[in-house]
Structure formats: structure tokens, C-alpha cells
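Report on the following structure.
The values are calculated or read from the model by the stated rules, or taken from the named source; none is laboratory data. Worth saying up front: this structure is predicted, and the values here are computed from it rather than measured. All Cβ positions, glycine included, derive from the backbone under ideal geometry; neighbour counts span all protein chains shown.
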């Protein structure tokens, strides 16, 4: 994540910025892991712990934004340093949104506490595991400055989209079989949507890693074709 400078004060500022971003990424990854584990184990204590941790991620976003603005104003970075700082401003937004979505999953977990033993489709757990791996690998790519790994993360987004789309017929059939479970099943759909959005933000993060490392903007573009990629907002 960057190169060394002869200006020690400047290098210290860049190092501090890198460290805060990596700390935020690690916290967000913990949130996603905790949220999905809370869903799988119906652990309300863990769900609440993840929700409470969201304020720490929000504070890190504010701190990092401040560091970036200060560096742009005081140092007026150019070339790769300018790309690094401006990309960080985008990365922290996606990290914060992933944290919010993990918190949303935990809120649904807490709401489901009144329905022990209710229907919990394995398809949702599989999708959650795939999204969790995308977040983990996107963060690893960020840490290592690995554009190849970041590209591999981006390619997996379509699979999550397909799993999310396939989830609706599953829930529709269950609603027909047990109409009394409507509220519970709607919460399943909400969790599925949150997982799908986590994967989207992990993809955004991976694309920003490619830009940071190579200076190439690959957002919305299939790299093997010139046309723009359409992905849900």
C-alpha cells in the first residue's frame, strides 16, 4: 500500500493513514464474521455485540476522512500518492457500508429470537459464506496491494447475485406452505439482500484496490470486453 519517502514526516502521515484503514478493514471483517455466525447459531448476545461495535467503525471512517483531507490540503500529493489518498476516501465508504449491513443482519437476528426452530434455508448460509469470503479476500488484497487477487474477488460477485435471485422462489414456496411464517420469511429476504449488498461493496473495494495498484479504473467494465457492466446499486 504505497512506497517510502525521504520526507520522514510525510512518510509518517502516510503510514498512519495506512494503519487506520487496515484497522477499519479488520474491524469490518470481524463484524461480517460475527453477524453471519450470530445468524447461524441464533446468538443474540453476539448479534448485539456486533451492533454495538458499529460505532467504532463509524468513528474510524470520520478519522480517516479527516486524515485524507488534511493530507490533501497540507501535502498536495501527486501521482501514486494522490491516487492512494483519493482511493482511500472511496474505500472507507464501502467499508462503512459493509459494517452497516452486518449490523442490519444482526437486527434481523434479534427480531428472529421469538421464532426458535423456524425455517432457516441452507441456501442463505451458503450465500453468507460466499460473501464472507469475498470480504476477507478483498481485505487481504488491500493489505498486500494484490491487484490479481482483487480481480478474482470481483469475478465472484455474479455468483452472489444469482444466489440472491434464486432465493426468492425458495421463500415464495415456503410462504405458500406456511403463511403464518410470513413475517419471519420476510426477514430472511432482508438478510439475503444485506448479504448481496455486502458482496457488492466487497466488489467495489476490490476494484479500488486495482485502481490503487495499477491506476486503472475497472469499475462497471468487463475486462475481457469493452462494454460497461451493469450491477445493481
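Miscellaneous remarks
- Yes/no for residue 89 being within 23 Å of residue 128 (Cβ to Cβ), surrounded by fewer than 21 Cβ atoms within 10 Å (Cβ to Cβ) and at pLDDT below 95: no
- Filter pass, residue 64 being under 18 Å from residue 9 (Cα atoms), crowded, with 21+ Cβ neighbours inside 10 Å and modelled with pLDDT of 95 or more: yes
- Any hit, the stretch 192-207, residues being over 13 Å from the mean Cα position of the chain (by Cα), in a helix (DSSP H, G or I) and in contact (Cβ under 8 Å) with a residue 60 or more places away in the chain: yes
Quick grid of which residues meet (1) farther than 18 Å from residue 200 by Cα; (2) surrounded by fewer than 21 Cβ atoms within 10 Å (Cβ to Cβ); (3) in contact with a helix residue (DSSP H, G or I) (Cβ under 8 Å, 6 or more places away or on another chain):
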position: 19; (1), (2), (3): yes, yes, no
position: 28; (1), (2), (3): no, no, yes
position: 38; (1), (2), (3): yes, no, yes
position: 58; (1), (2), (3): yes, yes, yes
position: 95; (1), (2), (3): no, no, yes
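- Residue within the stretch 95-112 that is out of contact with any strand residue (DSSP E or B) (no Cβ under 9 Å at 6 or more places or on another chain) and more than 21 Å from residue 187 (Cβ to Cβ) present: yes
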